[in-house]
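No value in this document is a laboratory result; all are computed from the given coordinates. These numbers come from a predicted model, not from an experiment. Heads up, the Cβs are rebuilt from the backbone with ideal geometry, glycines too, and the neighbour counts pull from every protein chain shown.
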Amino acid sequence: MSDNSRTVVVAGGTGALGGSVARAFLVDGARVVVTSQRQEEIDELAASTGKNPKLSGVTLDATNEAAATKFIADTEYQFGSIDALVITIGGYAGGKNVWETSLATYDQMLNLNLRAAFVMARVVLPGMIKRNRGAILNIASKAAYERSATAAMYSASKAGVLALFNSLAEEVKPYNININSIVPSIMDTPGNRRAMPKADFSVWPKTDDIARVIVFLCSEDAKVIHGATVPVYGRT
């Protein structure tokens, strides 16, 4: 067990937003543990931070409750506590009407955007409740409350996770645990640039800017912000 500095878990912390979040917490002085299903992505993130000793990574399928439970237990044992969990796991599949959408797409969207968040929150909360402190931050989407033709499963999964966290915020009111969601729209990521090469990238929010909002929402300075849905889509 090491020192008492803050430990932050960034689930899905090797993606475009997740990597920005991990680096922002490192700049803030936190110890950061990222999860990814691919070890090579963890290695790439580590290299991008100059192999910062406060960064570590674990390969994990966050939809697997047994694996997630073991990961959380191991992390708490190693570092003493998990002070914040940021869930940046997610994905998009769309482009078809509901009647053309496969059950495979339904399963993919619900697993990535809802099940993973449910599992991670469920397994980290007992420790936070026991210590009576912590923060959990979820990434929702503007699509959760907009009409999104040909993206019904994505929208439904994001609406579901937003409802999940709104309810969770009510459930943990007796404890000193902050539960919030941020709501991005289109972010400036390599994947989005490839998908929409003719778009005006200059109006897309940068993942580094969104990451700083997340660090704030998980800080003591934001202790009065609970159960919030914070828009981070700028002018998109």
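Quick notes on this one:
- For segment 7-231, the relative contact order comes to 21 percent (Cα pairs under 8 Å, sequence separation of at least 6).
- Aspartates and glutamates whose Cα lies under 18 Å from that of Lys198, excluding same-chain neighbours fewer than 8 positions away: Asp188
- Set of lysines with alpha-carbon distance to Lys51 below 30 Å, sequence-local pairs under 8 removed: Lys70, Lys206
- For segment 135-177, trypsin sites (Lys or Arg not before Pro) are listed when DSSP marks them as loop and at most 15 other Cβ atoms sit within 10 Å of their Cβ; the list is Arg147.
- Angle in degrees between helix 152-171 and the longest Cα principal axis of the chain, rounded to the nearest 10: 30
- Cα centroid separation - segment 10-26 against segment 154-228, whole Å: 13
- Angle between the chain longest axis and helix 65-79 axis [Cα atoms, degrees, rounded to 10]: 40
- Over the residues of the chain, the helix contribution to mean residue ellipticity at 222 nm works out to -13000 deg cm²/dmol, using -39500 (n - 2.57) for each DSSP H run of at least 4.
- Each Lys and Arg adds +1 at its Cβ and each Asp and Glu adds -1 at its Cβ; summed about the Cα centre, segment 97-168 shows a dipole of about 500 debye.
- Cα-based helix-to-principal-axis angle, 16-27 vs the chain, degrees rounded to 10: 30
- Assuming charge only on the beta carbon of Lys and Arg (+1) and of Asp and Glu (-1), the dipole of the chain about its Cα centre is about 280 debye to the nearest 20.
- Residues Ser81, Ser5, sorted so that the one with the fewest Cβ neighbours within 10 Å comes first: Ser5, Ser81
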